[in-house]
Structure formats: structure tokens, C-alpha cells
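Heads up: the structure comes next, in C-alpha cells.
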Amino acid sequence: MSEIDHTVKPETALIIHPVFNNVHASQRGDVVQAVEEACGLAEAIKLEIAKSMTVNVRTIQAGYLFGKGTRENIRDAVEEFKPDVVMVNFTLSPVQQRNLEKELKCKIIDRTGLILEIFGARAQTKEGRIQVELAQLDYQRSRLVKSWSHLERQRGGQSFVGGPGESQLELDKRILAERMASLKKDLIKVRKTRELGRKAREKVPFPVVALVGYTNAGKSTLFNRVTGAKVFAEDLLFATLDPTLRRIELPSGHVVILSDTVGFISDLPTHLIEAFRATLDQTQYADVILHVRDSTQTDYDAHKRDVINIMRDLGIEYETDDRIFEVINKIDVCPDERRAEIERDAKFNEQILPISAQTGEGVEALMVVIDEFLSRHYSQLSYDIPVSDGKAIAWLYQHAEVLETHDKNDKMQLIVHIDPANKNRFESMFEYKVL
């Protein structure tokens, strides 16, 4: 086995965070926090931060984003720190990215490209990998010309339109389109398999409790605390990408499925949300949604707004959906003033639950609240059904959680955990009443 060469230096990054005038609503909140997040994104793919800079953008330059003076300042930083890559914490157009690379003579990556790099490094399931590649190809499609810029010298000098470079570009576009079409077909197959899996779980319908929230809020740490699993939970943005499901038992003995999902982030491009819509389907079908929030963040309220907006894209109305509980995490290390405010809010709102996933503080109380909420919607009932009526017995096994069975001569007593809709449906179809 070959030894790892520890002399290889990690790639370095120069972080550029543009600060726009007040017209740009997307550039709001604490600038320091935004820069820290950008650095966190870079560190999530093991880039070493050479320097981070905030630059003022009064007027967007169509071809460069930045004005001439700002570009000169960035070029000076590139010459001083010699980074392997310059990361612009904004979504650049293909022309802007290409022009900046030519002028700075350095590789440029924008916020979207960096997030895609992280997604590519994190995806574990087949569906996740397909979704990542589709999103990457969609992103690259408008940037293909950059890959073939070295062929531009082959154009011209011919009496016909086009040349070898353009032919190669068209070929590359066709290959990319064919690959995307193939991936979409694969994704349909994978989603059908996943849908069958979901329907199979519905036949033994344990309630689903979904964890959602801003990336790095501590969802995976809470997941591990509750389930005893060892899900990747480093202090990195997008540490979890693929959904993870585990069966857990609540204090009452009722069983639920706990689902950990990809973290949300501000200014996530629309096509990325669309690409991972299926990954977040578990949230749409969940019986309980736990919005895990990081109480230590200075952009604490802004992060909540980002989560609300993305959940709305998924068809979930945050303000009116009673399934949603706010789990305020890292309460053990949050500022004293904010902790006092959170605890005060929790006294008057049972949907707010302060916890520390790291120390376990408040987690037991959270499980009790989930248990009580589900118990209000699910009833534990008992039916005596003749053994000969296999259809009714099978229906209960498919549409309720069978807790116990007892033989009673020619009858079977089934003690079940069932929601009101299925209770009414069963009693209407088979004309059995609760004992």
C-alpha cells in the first residue's frame, strides 16, 4: 500500500464577497456572517483560505460584475497571495466568469459552482449522485464556450461559416445534451424505485419525523443523539446531502421514522432546489417537521426566512402548518441574552423547543412533545375480527401500526395505532367497531 504524501499542500482560495447597494435584497444581513459562510463553503471542500475580502459594488459591470478599480484591487491580492482559485460569493454569468479569469489569470468559481462542488463530494446514494451530475451539467451548459476558447484561433480564414473549433463546440454540446437525457431517464427509474419503497413503508405506516433547517444547524448531531447512529456530522456546511432514515421509539413505545435531510442555504439557485426536490420529498410527506435552528448565528432570523422560502417552494406553508416545530439548537453555547429570549418564547409557544444536540439538554422533552403531538392525531384502538376475515386483518396491517395481537377462539384481537381518517375508513368498509 502506498503511503500518503503529507508534503502535498492543500489548494488555497481567495474569497471575494461583493457588498451591493440597498437595491440588492439578496445581499442583506450581517456582512461578517456572510463572509464566514463563504469561507465555510470553501473549507467544506478542503480549500485553505488565503484571504477573504469584501468589496463594494455600486454599479454592476455587465461583463465583469466589478468595476475597474475593484478588479485592480483583486488582481493585487491575487499577485500577493497566489491562490489556486478565486471564489466570488455571488452567482456570476458565464461571460463575467470568463472575463474575470482572463483578466486575473486565475481560476474563478462562483457561489453556485462551489455549492455544486460540495454536492458532488457529499452525494452517496445513486439518486443523489444523478441529481448532482444533472445540476452540474445544467450549470456547465452555458459555460461550454470557455472550455473551447483555445480553439478560437482555428476559426477564420475559411470561405464557409464555422470551423473546427465551432464543430467541436457543437459536438460537445450534443454529448452533454445526450448525457443529460440519459441521466433524466435514470433518475425516473430511481425515483420509481424510491416511490415503491415509500409506498412499502406506508403499508407499515410508522409516522415520519423530518429534520429540516439551515445547513450546519446541527440536524445530523441531533439525529445521532436520538438514534445512536453515526451519520457524518462534522462542523461543515452540507455535511449531510442524502436523506437518512432510522426507526426510533418514543417514550410511549410508539415507533416513528426519523429522517435527516440536506441543509438549506441562502440564495440557493432555483435549478439546485429543483434538482433536489425529490430528496426533500420526505419533508412533504412527514407527520412532524422539526426545523432545527442554530441559536449561535448572528443571521439567526435571516436563516429562518431562507428556510421558510425554500419550504414554500416545496409546497409547505410554514406559518400555518401545525406539523412544524422550531427546535432551537446549541442552546448551551448561545449568547445569554438570546437564550433568555428563546426560553421566554418557549414558555408561551409549545412549538418552540430549546435544546442542545451536543449535550442532550432538552432532547428528552422534545421526544415527549413529538409523542404527545402524534398521540393527538393517532389513536390506540382494539378490534375483535373473525380469523376468517383475512381481508380486514390484512387491511389493518397495511394501514395501521399493529401493536399487539391476541387469539380469542375464532377471533383475533388487534390493538392498533391508527390515524382518524383510516379509522373511519376501516369501520365504514368492514363494519367493525372499537371494543
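Working only within the stretch 327-342, note down all residues that are in contact (Cβ under 8 Å) with a residue 12 or more places away in the chain and either under 13 Å from Val292 (Cα atoms) or acidic (Asp, Glu) (or both). So that I can check it myself, show each step before the final result.
So in the stretch 327-342, the residues in contact (Cβ under 8 Å) with a residue 12 or more places away in the chain come out as 327-335, 338-339, 342.
Listed by number, the residues that qualify are Val327, Ile328, Asn329, Lys330, Ile331, Asp332.
Search the stretch 50-62 for residues being in contact with a strand residue (DSSP E or B) (Cβ under 7 Å, 6 or more places away or on another chain) and hydrophobic (A, V, I, L, M, F, W, C), and hand back the single one that is nearest to Pro94 (Cα to Cα). Outline the logic, then answer.
Residues of the stretch 50-62 that are in contact with a strand residue (DSSP E or B) (Cβ under 7 Å, 6 or more places away or on another chain), as a first pass: 50-57.
Cutting the leftovers down to hydrophobic (A, V, I, L, M, F, W, C) gives us 50, 53, 55, 57.
Details: Ala50: 25, Met53: 22, Val55: 20, Val57: 19 Å.
Out of the qualifying residues, it is Val57.
Given the conditions (1) over 23 Å from Gly218 (Cα atoms); (2) in contact with a strand residue (DSSP E or B) (Cβ under 9 Å, 6 or more places away or on another chain), and given that Gln351 satisfies all but one, which numbered condition is not satisfied?
(1)
What tally of residues in the stretch 386-398 results from selecting those that are in contact with a helix residue (DSSP H, G or I) (Cβ under 9 Å, 6 or more places away or on another chain) and over 22 Å from His254 (Cβ atoms)?
First, the residues of the stretch 386-398 that are in contact with a helix residue (DSSP H, G or I) (Cβ under 9 Å, 6 or more places away or on another chain): 386-387, 389, 391-392, 395-398.
If we keep only those that are over 22 Å from His254 (Cβ atoms) too, we end up with 386-387, 389, 391-392.
So the count comes out to 5.
Here are Leu47, Leu65, Leu14: which of them is out of contact with any strand residue (DSSP E or B) (no Cβ under 6 Å at 6 or more places or on another chain), more than 18 Å from Tyr139 (Cα to Cα) and modelled with pLDDT of 85 or more? Can you show your working first?
Details: Leu47 fails: out of contact with any strand residue (DSSP E or B) (no Cβ under 6 Å at 6 or more places or on another chain); Leu14 fails: out of contact with any strand residue (DSSP E or B) (no Cβ under 6 Å at 6 or more places or on another chain).
It is Leu65.
When the stretch 81-107 is examined, which residues are found to be part of a loop (DSSP other than H, G, I, E, B), surrounded by fewer than 20 Cβ atoms within 10 Å (Cβ to Cβ) and touching a Ser or Thr at 6+ places or on another chain (Cβ under 9 Å)? Please lay out each step first, then the result.
Going residue by residue through the stretch 81-107, those that are part of a loop (DSSP other than H, G, I, E, B) are 82-84, 89-93, 105-106.
Of the ones still in play, those that are also surrounded by fewer than 20 Cβ atoms within 10 Å (Cβ to Cβ) are 82, 84, 91, 93, 105-106.
Hits for the stretch 81-107 are Lys82, Asp84, Thr91, Ser93.
How many of the residues in the stretch 399-433 are in contact with a helix residue (DSSP H, G or I) (Cβ under 8 Å, 6 or more places away or on another chain) and closer than 24 Å to Asp371 by Cβ? Spell out the reasoning first.
Initial filter on the stretch 399-433 (in contact with a helix residue (DSSP H, G or I) (Cβ under 8 Å, 6 or more places away or on another chain)): 399-400, 402, 412, 414, 416, 418-420, 422, 425-426, 429-430, 432-433.
Going one step further and asking which of them are closer than 24 Å to Asp371 by Cβ, we end up with 399-400, 402, 414, 416, 418-420, 422, 426.
Total meeting the criteria: 10.
Which ones in the stretch 57-74 are surrounded by 15 or more Cβ atoms within 10 Å (Cβ to Cβ) and basic (Lys, Arg)?
Arg71 - this is the single residue of the stretch 57-74 that is surrounded by 15 or more Cβ atoms within 10 Å (Cβ to Cβ) and basic (Lys, Arg).
As an exercise: evaluate Glu133 against (1) part of a helix (DSSP H, G or I); (2) at pLDDT 85 or above; (3) surrounded by fewer than 21 Cβ atoms within 10 Å (Cβ to Cβ); (4) outside the structural domain of Lys189 (by TED's automatic domain parsing) and give the number of the one condition it does not meet.
(4)
Pull up the stretch 397-407, narrow it to residues that are surrounded by 14 or more Cβ atoms within 10 Å (Cβ to Cβ) and either in a helix (DSSP H, G or I) or among the acidic types (Asp, Glu) (or both), then point me to the one that is farthest from the chain's Cα centre (by Cα).
Tyr397
Any idea which residue in the stretch 372-396 is surrounded by the fewest Cβ atoms within 10 Å (Cβ to Cβ), counting only those that are in contact with a strand residue (DSSP E or B) (Cβ under 8 Å, 6 or more places away or on another chain) and assigned to a loop (DSSP other than H, G, I, E, B)? Give the steps one after another, and end with the answer.
The first filter runs over the stretch 372-396 and keeps only residues in contact with a strand residue (DSSP E or B) (Cβ under 8 Å, 6 or more places away or on another chain), leaving 373-374, 378-387, 392-393, 396.
The next check asks that each one be assigned to a loop (DSSP other than H, G, I, E, B); those that pass are 378, 387.
Numbers: Tyr378: 21, Val387: 12.
Result: Val387.
Pairs under 9 Å by beta carbon, first residue more than 10 Å from Leu137 (Cα to Cα) in the stretch 169-182, partner not in a helix (DSSP H, G or I), six or more apart or different chains?
Qualifying pairs under 9 Å: Leu169/Trp148; Glu170/Gly162; Asp172/Trp148.
Can we say Ile316 is more than 30 Å from Leu187 (Cβ to Cβ) and either in a helix (DSSP H, G or I) or in contact (Cβ under 8 Å) with a residue 12 or more places away in the chain (or both)? If you could, list the steps in order and put the result at the bottom.
Working: more than 30 Å from Leu187 (Cβ to Cβ): no; either in a helix (DSSP H, G or I) or in contact (Cβ under 8 Å) with a residue 12 or more places away in the chain (or both): yes.
It is false that Ile316 is more than 30 Å from Leu187 (Cβ to Cβ) and either in a helix (DSSP H, G or I) or in contact (Cβ under 8 Å) with a residue 12 or more places away in the chain (or both).
I'd like the full set of residues that are of a type in the set (Asp, Glu) and in contact with a His (Cβ under 9 Å, 6 or more places away or on another chain), limited to the stretch 385-412.
From the stretch 385-412, those of a type in the set (Asp, Glu) are 389, 401, 404, 407, 410; that's our starting set.
Scanning the stretch 385-412 gives a single hit, Glu401.
Which residues, counting only those in the stretch 37-71, are part of a helix (DSSP H, G or I), charged (D, E, K, R) and within 14 Å of Val86 (Cα to Cα)? If you could, list the steps in order and put the result at the bottom.
Going through the stretch 37-71, the residues part of a helix (DSSP H, G or I) turn out to be 37-43, 68-71.
Next cut, charged (D, E, K, R) only: 37, 43, 68, 71.
Across the stretch 37-71, the qualifying residues are Glu43, Arg71.
Applying the selection to the stretch 288-332, what residues are among the aliphatic types (A, V, I, L, M), touching a Ser or Thr at 6+ places or on another chain (Cβ under 6 Å) and farther than 29 Å from Tyr378 by Cβ?
Ile331 - this is the single residue of the stretch 288-332 that is among the aliphatic types (A, V, I, L, M), touching a Ser or Thr at 6+ places or on another chain (Cβ under 6 Å) and farther than 29 Å from Tyr378 by Cβ.
Please indicate, with yes or no, whether at least one residue in the stretch 408-426 is in the same structural domain as Leu250 (by TED's automatic domain parsing), surrounded by 13 or more Cβ atoms within 10 Å (Cβ to Cβ), in a helix (DSSP H, G or I) and touching a Leu at 6+ places or on another chain (Cβ under 7 Å).
no
The values are calculated or read from the model by the stated rules, or taken from the named source; none is laboratory data. These numbers were taken from a predicted model, which means no experiment stands behind them. Reconstructed Cβ throughout: ideal geometry from the backbone, glycine too, with neighbour counts over all protein chains shown.
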